[in-house]
Amino acid sequence: MSPPPLFIFLLLLTLTLLTTPTTQTPTTDLIEELIHLRSESRSGVIHLTDHLLTRLTTIPTPRPFSFLIFFDAQNLHSKSELQLPTLFSEFSLVSSSFLTNTQNDDVSSSNDKLFFFQLEFQHSQRSFARFGVNSLPHIRLVLPHVTDLEKSDKMDQGDFSRLAESMSEFVESRTKVSVGPIHRPPFLSPAKIAIILAILAVWTPFAVKRFLQGNTLLHDYKIWMFGATFVYFFSVSGTMHNIIRKMPMFITDRNDPSKLVFFYQGSGMQLGAEGFAVGFLYTVVGVLLGFVTHGVVKIRSLKVQRFLMVFALIVSFWAVKKVVYLDNWKTGYGIHAYWPSSW
């Protein structure tokens, strides 16, 4: 007795479904391609092109991932006030730290939930226009549900102050993806540390011998005076701020490129010349105070003492007044002296 035709049809249909290979969706193919492109980058930052951006925005929403874009322009890297190379280095550090923190996750890893891109102006001007970007530095976060790129989340200029840490907080505050701690490279490589230790091992016996004999620079009071003055100037002039943020001493005037700007009005940025000017004024006050308390008191002539004290007070008053004026001009906040009503 032969089997019924319906049974044969169902059997053939089942075998066909089992033997037919499953085809991947365009979204899955795109994610695998992004993972491959990311693996070819040392920091995990993918170079974004107009074609790739079109593919990212044409897949159905909500997308299974978010992506952060750093807008760059090679021809503007020479402008130190923009700090594009530094910011991109910090952006790459966030990307590499994210991959390091998620590479040992389980199957449900979050490293395919966030991708980092670099968009270069000269190669992708059309993409710049789609985002409506007309100034740099600029960072955008495109969430899974966003279809209009101009409405994507923009990182404020003030958030760049803490560099990689602020970028990480910006991503974590708007997505459910954890970037994790930032892994900065060590300041000195093991080879440099070994060389420094070898030099110290050779130099230490000679240094100890001279120190016991009292024949070192540390025994000279003039060196201590100069060092104390330098440390004071270093502290009040914002030198560490200039070094960490790589602030320029001055910038060119946007309205007149032939002019240089040494004092920038606005509390959002401080030029190196501003810090050195204020540091110099503070140092003058500090040196005069030390001179009055340690030098003038040793002078026997009462007239000379009074003259030098009045001179120190006038110069100190002038220096503090200049600092207050500069602060008022820069921040817009006025500082007024308080006089009792009885006066």
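Read-outs throughout are calculated quantities, based only on the coordinates presented, and are distinct from any laboratory measurement. Bear in mind that the values here come from a model prediction, so they are computed numbers and not experimental data. Neighbour counts run over all protein chains shown; Cβ positions are idealised from the backbone, glycine included.
Laid out as a table, the results:
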{"item": "Semi-axis lengths (Å, descending) of the ellipsoid that matches the C-alpha gyration tensor of the range 273-328", "result": "26, 11, 6"}
{"item": "Mean Cβ count within 10 Å, highest first, over the residues of peptides 134-144, 120-130", "result": "134-144, 120-130"}
{"item": "Semi-axes of the equivalent ellipsoid for the range 190-264, Cα gyration tensor, largest first, Å", "result": "41, 20, 9"}
{"item": "Computed E for ASP159/LEU326 - FRET, C-beta separation, R0 35 angstrom, nearest 0.05", "result": "0.85"}
{"item": "Separation of the PHE234 and SER258 label points, Cα + 7 Å toward Cβ, nm", "result": "4.1 nm"}
{"item": "Average projected area [Cα convex hull, the range 220-331], square nanometres", "result": "9.3 nm²"}
{"item": "Choice from VAL179, VAL310, VAL202 showing the highest fluctuation, given a GNM over the chain with Cα pairs closer than 10 Å", "result": "VAL202"}
{"item": "Percent of beta bridges antiparallel (DSSP, the chain, rounded to nearest 5)", "result": "45 percent"}
{"item": "Helix runs (DSSP H) in the chain reaching 18 Å along axis by Cα, Kyte-Doolittle at least -1.0", "result": "5-19, 26-40, 84-102, 190-212, 221-236, 272-294, 302-331"}
{"item": "Cα-based Kirkwood hydrodynamic radius, the chain, one decimal, Å", "result": "26.6 Å"}
{"item": "Extension reserve of the SER41-LEU302 stretch, reckoned as 0.36 nm per residue once the Cα distance is removed", "result": "86.5 nm"}
{"item": "Reachable lysines, given that their alpha-carbon falls under 21 Å from the alpha-carbon of LYS113 and they are not under 8 places away in the same chain", "result": "LYS151, LYS154, LYS176"}
{"item": "Cα centroid separation, the range 311-330 to the range 51-128 (Å)", "result": "47 Å"}
{"item": "Relative contact order, percent, the chain [alpha-carbon distance under 8 Å, six or more residues apart]", "result": "13 percent"}
{"item": "Reach of LYS322 by Cα under 22 Å, taken over lysines that are not fewer than 8 positions away in the same chain", "result": "LYS330"}
{"item": "Percent RCO, i.e. relative contact order, over the range 27-174, from Cα pairs under 8 Å lying at least 6 residues apart", "result": "33 percent"}
{"item": "Stokes-Einstein D for the range 108-170, Kirkwood Rh over Cα pairs, 10 °C, 1.306 mPa s (µm²/s)", "result": "120 µm²/s"}
{"item": "Global form of the range 140-184, assessed from the alpha-carbon gyration tensor, a/c cut-off 1.5", "result": "oblate"}
{"item": "Segment HIS145-VAL208, length gained on full extension (0.36 nm per residue, minus Cα span)", "result": "15.9 nm"}
{"item": "Calculated [θ] (222 nm, deg cm²/dmol) that DSSP helices of n ≥ 4 give over the chain, each run adding -39,500 (n - 2.57)", "result": "-17000 deg cm²/dmol"}
{"item": "Rule-of-thumb Rg ratio for the range 27-174 [Cα; 2.2 N^0.38 Å; N residues]", "result": "0.99"}
{"item": "Proximal aspartates and glutamates to LYS246, defined as alpha-carbon separation beneath 12 angstrom and excluding residues fewer than eight positions away on the same chain", "result": "GLU81"}
{"item": "Selected from LEU197, LEU281, LEU48 as most flexible by GNM, with the chain as the system and alpha-carbon contacts under 10 Å", "result": "LEU197"}
{"item": "Two-site label geometry, LEU289 and GLU81: point separation in nm, points 7 Å out along Cα→Cβ", "result": "3.4 nm"}
